Amino acid sequence: MDRPTDPLVAVLATICTALGASGAALLRVRGDRLVPVAAYGATEGLPLDAPALGEPAHAPQRGTRYPLAFGGRVEGLLLVAGVSPAGRAGRRAALVPLLDLLALALRHVRSAEEREGVLATLRESQARLLEANSRLQAAVDEQATTLLQVIQQERLRALGEMASGIAHDFNNALSPVLGFTELLLADRSGFGQHPKVRRHLELVRAGAQDAAGIVRRLREFYRRRASDDVSQAVEVGPLLRQVVTLTQPEWREQALAAGRAIRVEVDLPAGTAVTGNAEDLRQALANLILNAVDAMPAGGTITLLARPSERHVTLSVADTGTGMTEEVRRRCLEPFFTTKGQRGGGLGLSMVYGIVRRHGGELHVETATGQGTTISLRLQIALHQPGDGDEAGETEAL
Ligand SMILES: Nc1ncnc2c1ncn2[C@@H]1O[C@H](COP(=O)(O)OP(=O)(O)OP(=O)(O)O)[C@@H](O)[C@H]1O
Ligand SMILES: [Mg+2]
């Protein structure tokens, strides 16, 4: 049966009594089928097995059929078994209100079902709307991130170009200062021999050389030499070990002298190589190590990691230092941005960024105040030649 319908069974019982019938079944229209809703008494022989609409209204061998209509619409069918011809003729009029009642009941069942259908459709559209909304939000967020990246890159590019222009002009201005100072110092016979003048000339030369050093570093940021070969296969193991050795005076000796202990750990898989320029990469990694040393005033650990994937190798330098605030993280790649006052030039990370960019790679900064910093360089992998530096993977502490 379609649903429990006790009051309907009671009505069917009344109808049977009125007609002197042995049993009755109530069917309702669902789609283009009729489905049983309620039954009373002996219904064997009645066509309950979902008879199609439009069958002849009267088939004596299979019971008497009463169409049930409400508001001009057929809602169902009443099948009555074993009605005597006398009963059929005599009680027809008395039956009408009961038939109307059954039609009304079926109408209510249909309305409730339709309401449920509408509600389900509404719920479905709401879910679809929410999903579309979250997709839209994700797209908006992604666009905002991309825009920020573009702005950041454009800013760095503009700053780099400006720095490069200033460096060029400044270098030209420095040439006569250095050149004539050298000439005067080399003049052993005359003016350059005067001790006080000589001391001052040496100071001028040292100052000019320092300035030339700054210019050199500045130009590094935007360097684009034709000879800048970034297509060598650079073995990661030797590269990282060289950098650790080169920076040892800073991270071991100077740190120890200042009373802080710094450990360096190297964690890399066997025989990985990146495509790039060994000298540039050494310089970039050395800068990251020096920053890590500066960020650990109470000592700590620096970890150098190499993680190859199918097409890239990610080289990371992680420290257990102070980390950066959000403001510093946002600005740390800008040339001349430093939080170290006189001690810092603010060119280290911008140079690293320039190198990574020349390598067609990506630089990621992961940091939080008090949580340390990890700076990762994502570079192209170089296809490994077997036997060429084919050492085992290693994790070593220095
Ligand atoms: N590992 C790190 N931990 C915490 N802060 C860092 C780290 N690396 C960089 N920074 C922050 O980013 C700033 C910019 O770094 P960058 O290397 O460009 O310049 P610098 O170290 O200040 O000076 P320079 O490298 O020219 O001597 C630093 O002053 C520091 O505030
Ligand atoms: Mg630095």
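Within the range 155-165, is even one residue surrounded by 10 or more Cβ atoms within 10 Å (Cβ to Cβ), modelled with pLDDT under 80 and more than 60 Å from the chain's Cα centre (by Cα)? Within the range 155-165, none of the residues are surrounded by 10 or more Cβ atoms within 10 Å (Cβ to Cβ), modelled with pLDDT under 80 and more than 60 Å from the chain's Cα centre (by Cα). Quick check: anything in the range 255-274 within 15 Å of ligand 1 (Cβ to nearest atom), outside any helix (DSSP H, G or I), aliphatic (A, V, I, L, M) and surrounded by 20 or more Cβ atoms within 10 Å (Cβ to Cβ)? Yes, that holds for at least one residue.
For beta carbons closer than 7 Å, sequence separation of 6+ or different chains, a first residue in the range 345-360 that is assigned by TED's automatic domain parsing to the domain that holds Thr275 and outside any helix (DSSP H, G or I) and a second that is at pLDDT 85 or above and near ligand 1 (Cβ under 6 Å from one of its atoms), the qualifying pairs are Gly345/Thr338; Gly346/Phe337; Gly346/Thr338. Residues of the range 282-323 that are part of a strand (DSSP E or B) and within 11 Å of ligand 1 (Cβ to nearest atom): Gly300, Ile302, Val317, Ala318, Asp319.
Note on the range 335-354: residues that are farther than 11 Å from Gly160 by Cβ, near ligand 1 (Cβ under 6 Å from one of its atoms) and of a type outside the set (A, V, I, L, M) amount to 8.
Those residues that are at pLDDT 90 or above and among the charged types (D, E, K, R), I need them from the range 253-281; list them, please. Those that are at pLDDT 90 or above and among the charged types (D, E, K, R): Arg260, Arg263, Glu265, Asp267. When you check Ala292 against the structure, is it closer than 26 Å to Arg216 by Cα and modelled with pLDDT of 95 or more, yes or no? In short, yes. Within the range 297-308, residues that are on the phi > 0 side of the Ramachandran plot reach partners that are surrounded by fewer than 17 Cβ atoms within 10 Å (Cβ to Cβ) with beta carbons closer than 6 Å, at six or more positions or on different chains, in the pairs Gly299/Arg260; Gly299/Ala261. None of Glu250, Glu235 is charged (D, E, K, R) and farther than 23 Å from Gly346 by Cβ except Glu235. Evaluate the following for Glu326: is it surrounded by fewer than 21 Cβ atoms within 10 Å (Cβ to Cβ), among the acidic types (Asp, Glu), more than 8 Å from ligand 1 (Cβ to nearest atom) and in contact (Cβ under 8 Å) with a residue 12 or more places away in the chain? So Glu326 does not fit the description; no. Residues considered: Thr339, Thr320. Of these, the only one that is more than 12 Å from ligand 2 (Cβ to nearest atom), at negative phi and either surrounded by fewer than 18 Cβ atoms within 10 Å (Cβ to Cβ) or among the polar types (S, T, N, Q) (or both) is Thr320.
Taking residues in the range 225-253 that are on the phi > 0 side of the Ramachandran plot, and partners anywhere that are at pLDDT below 90 and surrounded by 14 or more Cβ atoms within 10 Å (Cβ to Cβ), not one pair has Cβ atoms closer than 6 Å while being at least 6 places apart or on different chains. Out of curiosity, is Val293 more than 31 Å from the chain's Cα centre (by Cα) and closer than 18 Å to Val365 by Cα? The answer is yes for Val293.
The values are calculated or read from the model by the stated rules, or taken from the named source; none is laboratory data. If you're wondering where the values come from, they're calculated on a predicted model, not measured in any experiment. Every residue, glycine among them, receives a Cβ derived from its backbone with ideal geometry; neighbour counts consider all protein chains shown.
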